[in-house]
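**Q** One structure is given below, represented as structure tokens, and several questions about it will come after.
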Amino acid sequence: MKYLWKVELLKIAWIGLLIEIIIFNFIKPFIIDFEVAAICLIGINILFVAIGISKYGKKMRGLFYSAYIVRILAMFWDVYARDIFVFPGSGADSEGFLLSATRIANDLGLIKSSIYGGVYSKILGGLFYITSTERLLGQYINVLLGITIIVIIYNILTILGINEKVKKTSVLVMSFLPNAVIFSGILLRENFIVFFTVVSFYFFIRWYKNPRNKYIFYSILFIILASAFHSGVIGIAIGYAFMYMFYNHTTNELSFNKRTILIFVFFVVISYIVYFNYGDIFMAKFSKVEGVEDIYNTANSRRGESAYLMGLKIDTWWKMILFSPIKMFYFLVSPLPMDWRDIRDIITFFIDGIIYFYLTVYSFHNLRKVKTQKPLLIGIAIILLVSIFIFGVGVANTGTAMRHRHKIFPIIVTFYAIVVDSKKNDKRSSI
């Protein structure tokens, strides 16, 4: 964990926020206007974030500051200017989370009960109990998570020795993809899931560079924490398992031997223990799947005006396998032109879906051409394919697809950055 703690933003901004929250709790009886107090808390933490970002090189500071500021603006817009325009995703779910969190803050006993929003609402409720039921505080946590995710990805690319130009381009895409900005500014749980996923991925990369068992433990621990919010991300662990089992650090190749078999057995045993002892906590979304019919029902579910593939019915395993590439494609790219309803769908396609399509197709197309870091690229490819399959089969609505594909967006960007960098390295070595 000490290596992750070297991320300056984590040390300065998050410790600063924790101290602010504690002070807020002590002075709570004397606060007259909690909204003003919440804004003051945010204003002070902005200074902590500014100090944390200032520790990075000149080339990246401006990019980090800009990414942070645009997320702050999105947060204030969502709270104070939603009468003019409401961000996509800010609506029923966000209001439901706020209501649940407020109820928990007023009755802490509800934290033990089943409540709308699950773990996320309970975390918000705990925060509101300590401070106040100001939604700004909950949304600012997402802002801070958003910039932290970007900085951790930057650190991952640095660990991998990615070219500075490629690294900057990747961080640029991470910083200003519209939905990444929106999900950092509104009251949704997406950024908690992405944060834990990225931290897990960070330790996976650290293991790739330095094979220590503690990195395996941390990578699995944090992906389990991410799955507490949405179990779909647990598919990432399959890609980890593949690398943990078959990657040989000495030869820098994928190989099969007794050691890999032992690691596989360890992974299966741990997965078995976690699932059967804590499945109700960490696999909440899967707990409803009790049989084959439930899987088919999930695959056939169509909700909302932005539902797609309305005529596609999956009622057998072979159909699920056969149609999964179509479902996976729609998951990544929707809304496709044939499903456009208005100008919003057209804009969404060009500022979100087409970006996922380009990054993914480019990376997979060039995977077979690159030589540098090939085992890692294969491992990440498996992570993405399994995750896209799980989400793709279970999603048939553009709005939901946008939220779920955002969960793996940092991994997609990292995959793209490694492929581009590897192509550059291969080209230089061939000269």
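The values are calculated or read from the model by the stated rules, or taken from the named source; none is laboratory data. Note that the coordinates shown come from a computational prediction; the quantities given were computed from them, not determined experimentally. Only protein heavy atoms, including side chains, enter the accessible area calculation; ligands, DNA and RNA are left aside. Shrake-Rupley method; radii C 1.70, N 1.55, O 1.52, S 1.80 Å.
**Q** Considering the convex hull of the alpha carbon atoms of region 49-152, report its projected area averaged over all viewing directions, in nm², one decimal. Mind showing how you got there, number by number?
**A** Values: hull surface 30.9 nm².
Mean orientational projected area (region 49-152, Cα hull): 7.7 nm².
**Q** What residues qualify as long-range amide H neighbours of Tyr247, i.e. H under 5 Å apart, gap of 5 or more or another chain, H built at 1.01 Å from N?
**A** HN-HN under 5 Å from Tyr247: Ser255.
**Q** Holding the Cα-Cα limit at 25 Å, pick out from Lys11/Lys168; Lys59/Lys407; Lys122/Lys167 the pairs that are longer than that.
**A** Details: Lys11/Lys168 23 Å; Lys59/Lys407 27 Å; Lys122/Lys167 36 Å.
As for pairs spanning more than 25 Å Cα to Cα, those are Lys59/Lys407; Lys122/Lys167.
**Q** Right, here's the next one. Carbon and sulfur atoms: what percent of the 1.4 Å accessible area of region 132-273 do they account for? Kindly include the intermediate steps, with their values, before the conclusion.
**A** Details: 3250 of 4880 Å².
Percent of accessible area from carbon and sulfur atoms in region 132-273: 67.
**Q** List the residues whose amide H sits under 5 Å from the amide H of Asn397, counting only those 5 or more places along or on another chain, with H placed 1.01 Å from N in the peptide plane.
**A** Those qualifying (amide H under 5 Å, at least 5 residues apart or on another chain) are Tyr308.
**Q** In vacuum, with every alpha carbon of region 176-239 counted as one equal point scatterer, what does the Debye formula give for log10 I(q)/I(0) at q = 0.23, 0.24 Å⁻¹? Two decimals, please.
**A** Treating every Cα as an identical point scatterer, log10 I(q)/I(0) equals -0.89, -0.93.
**Q** Residue by residue through region 179-188, what is 3J(HN,Hα) from phi via Karplus (6.51 cos²θ - 1.76 cosθ + 1.60, θ = phi - 60°)? Round to whole Hz and write x for glycine and proline.
**A** Per-residue couplings from phi come out as 5, 5, 5, 4, 5, 8, x, 9, 8, 10 Hz.
**Q** Here's another thing I want to ask about it. Calculate, in whole percent, how much of the Cα-Cα pair population of region 37-85 lies beyond 15 Å.
**A** Values: 635 of 1176 pairs.
Roughly 54 percent, once rounded to a whole number.
**Q** Here's something else I'd like to know. Please report how far the C-alpha centroid of region 379-431 lies from that of region 42-77, rounded to the nearest whole angstrom.
**A** Result: 26 Å between the Cα centres.
**Q** So, one more: Run the 1.4 Å probe and let me know the accessible area of Lys327, rounded to the nearest 10 Å².
**A** 0 Å²
**Q** Further question: Would you rank Trp340, Trp14 by solvent-accessible area, highest first, keeping every protein chain in place and using a 1.4 Å probe?
**A** Values: Trp340 80, Trp14 60 Å².
Most to least solvent-accessible, the answer reads Trp340, Trp14.
**Q** I've got another one for you. Where only protein heavy atoms count, and the probe is 1.4 Å, what is the accessible area per residue for region 360-405 in Å²?
**A** On the way: 1540 Å² over 46 residues.
That works out to 33 Å² per residue.
**Q** Using a 1.4 angstrom probe and counting only protein chains, how large is the accessible area of Leu254 in Å², to 10?
**A** Rounded to the nearest 10, the figure is 60 Å².
**Q** Also, I was wondering about something else. For region 116-191, take every pair of Cα atoms, bin their distances at 5 Å starting from 0, and report each bin as a whole percent.
**A** 3, 15, 21, 19, 13, 12, 8, 6, 3, 0
**Q** Report the convex hull volume per residue for region 333-430, counting only C-alpha atoms, in Å³.
**A** Working: hull volume 9.5 nm³, N = 98.
So the per-residue hull volume is 97 Å³.
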